[in-house]
Amino acid sequence: MKAILHASQLVTLAGPERARVGSELSDVGIIRHGGMLIDDGVVLETGPSDVIEKKLPADTEVIDAAGRVVLPGFVDAHTHLVFAGNRVDEFELRARGASYEEIAAKGGGIRSTVRKTRAATDDDLQQRTLKHANWFLECGTTTVEAKSGYGLSLNDELRILRTVREVGKQTPLELVPTFLGAHAIPEEFADAPERYVAVVINEMLPAVAAGRLAEYCDIFCERGYFDIETSRRILSAAKQHRLNLRMHVDQLTNSGGAALAAELKAATADHLEQTEDDGIAALKQAGVQPVLLPASVYALGKTRYPRARAMIDAGLAIVLATDFNPGSSPTPSLPMVFSLAVTQMKMTPAEALTAATINAAYSLERGAEIGSLEAGKSANFAIFDCEDFREIACYFGIPQTHSVYVRGERVFAR
Ligand SMILES: [Zn+2]
């Protein structure tokens with residue numbers, strides 16, 4: 001038996017057993033001077049610290065939060081965890097005036113990371129991925145969705161998904177695999193994109209499904225990548241293989257991607273920077289969760305953020321994620337995303353926290369196990385060195401994580 005005592009705020013996110021909408025996003029279930037009882041990695045009970053303290057069996061291991069904030073481990077529902085190399089040259093080129101689209105047109109962008117990832121040895125790729133996994137843990141994140149998409153050949157895509165599986169055994173970070181073979185058209189198919197689409201549908205999807213290597217299928221639905229009609233074909237094939245859908249839509253242009261996500265009943269529609277009222281209404285109608293990625297807007301030096309307030313007003317079960325990748329969103333930090341959500345999208349700190357914990361968990365079909373600190377759920381939590389959880393969004397650029405626990409075991413301490 002373990003117990004946490006003396007949290008200035010134990011932020012439980014307790015509430016209805018579904019993703020939160022509207023005013024529910026603001027109710028994060030704070031227990032002041034809180035405590036929590038943990039047995040065998042599972043939350044047994046939460047309550048005032050003095051009440052919990054009176055119930056402790058003699059041999060209980062006590063973790064003294066000493067007036068700090070305790071939160072559920074963050075759930076990051078959109079990451080590109082596995083890649084080799086970096087894109088710092090492009091980072092500098094953008095500062096010198098080049099746009100993301102111009103860099104991609106010259107063979108940079110996703111294709112440059114594909115070249116480096118293909119060239120990496122299995123061991124290199126695993127070590128890099130473990131390093132990324134540790135970054136997430138350091139930021140207070142205990143579960144991430146991890147996409148493939150930097151292989152873009154049958155063998156390289158399968159290798160990335162196997163890396164997710166292998167690294168998942170080595171890190172306490174929980175990984176949820178997503179197949180993103182339709183991330184870009186690889187160089188060798190530049191003149192025959194249709195042939196690459198056929199490879200995705202006829203070779204990659206059957207192999208991913210047969211190896212049970214992914215829970216979801218994703219696509220970069222965007223002008224110059226995969227248009228609406230092609231996206232519909234690939235994703236319909238994915239559904240035949242019993243993969244659920246997540247989609248990159250309406251990031252650079254409003255191409256009707258949100259409407260397609262609604263039509264296909266995707267679990268999530270991600271990005272949505274260019275989505276207007278009709279797309280928002282379609283997502284609401286179909287029960288699709290929006291995953292907003294403000295760090296990608298920030299890192300590309302753009303100013304048009306997704307319309308979070310309109311989505312909340314429409315009753316959408318909003319999710320926030322990092323979009324961690326080497327090019328457009330090189331951050332594993334959900335605290336940084338909270339800062340952007342509050343300052344740039346006018347979400348409240350409570351709404352941001354709900355979006356990256358319980359709502360993200362439901363978007364990954366794990367709402368019954370993680371995302372809140374309630375009896376019966378995994379004891380995944382992070383202790384932050386502050387007195388009020390809103391400080392995590394307010395003070396940006398400084399790590400406030402004190403320690404992180406997965407299933408009751410400490411996996412990081414500063
Ligand atoms: Zn992405």
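The values are calculated or read from the model by the stated rules, or taken from the named source; none is laboratory data. These numbers come from a predicted model, not from an experiment. Don't worry about glycine lacking a Cβ; one is built from the backbone with ideal geometry, like all the others, and counts go over all protein chains shown. Calculation scope for accessible area: heavy atoms of the full protein, side chains included, ligands and nucleic acids excluded. Shrake-Rupley method; radii C 1.70, N 1.55, O 1.52, S 1.80 Å.
Brief remarks on what is shown
- Filtering the range 101-150 to residues that are open to solvent by 70 Å² or more (accessible area, probe 1.4 Å) and among the hydroxyl-bearing types (Ser, Thr, Tyr) leaves only Thr121.
- The sole residue among Glu374, Glu391, Glu369, Glu387 that is among the charged types (D, E, K, R), under 24 Å from Gly47 (Cβ atoms) and in a helix (DSSP H, G or I) is Glu391.
- Residue count for the range 25-52 under the criterion of being in a helix (DSSP H, G or I) and more than 18 Å from Val75 (Cα to Cα): the result is 4.
- A count restricted to the range 237-277 and to residues that are assigned to a helix (DSSP H, G or I) and under 17 Å from Ala317 (Cα atoms) stands at 5.
- Single condition Ile280 does not satisfy, out of (1) away from the ligand (no atom under 16 Å from the Cβ); (2) surrounded by fewer than 24 Cβ atoms within 10 Å (Cβ to Cβ); (3) in contact (Cβ under 8 Å) with a residue 12 or more places away in the chain; (4) not in a helix (DSSP H, G or I): (4)
- Among the residues making up the range 312-336, those that are more than 16 Å from the ligand (Cβ to nearest atom) and either hydroxyl-bearing (Ser, Thr, Tyr) or surrounded by 23 or more Cβ atoms within 10 Å (Cβ to Cβ) (or both) are Ile312, Leu316, Ala317, Ile318, Pro335.
- Checking Ala19 against (1) assigned to a strand (DSSP E or B); (2) surrounded by 23 or more Cβ atoms within 10 Å (Cβ to Cβ), the condition it does not meet: (1)
- Single unsatisfied condition, Pro306 versus (1) buried (at least 21 other Cβ atoms within 10 Å of the Cβ); (2) within 16 Å of the ligand (Cβ to nearest atom); (3) under 13 Å from the mean Cα position of the chain (by Cα): (3)
- Taken over the range 288-303, residues that are free of Cβ contacts under 8 Å to residues at least 40 places away in the same chain and crowded, with 24+ Cβ neighbours inside 10 Å amount to 2.
- When the residues of the range 52-71 are filtered to those that are in contact (Cβ under 8 Å) with a residue 60 or more places away in the chain and in contact with an Asp or Glu (Cβ under 9 Å, 6 or more places away or on another chain), the one that is surrounded by the fewest Cβ atoms within 10 Å (Cβ to Cβ) is Gly67.
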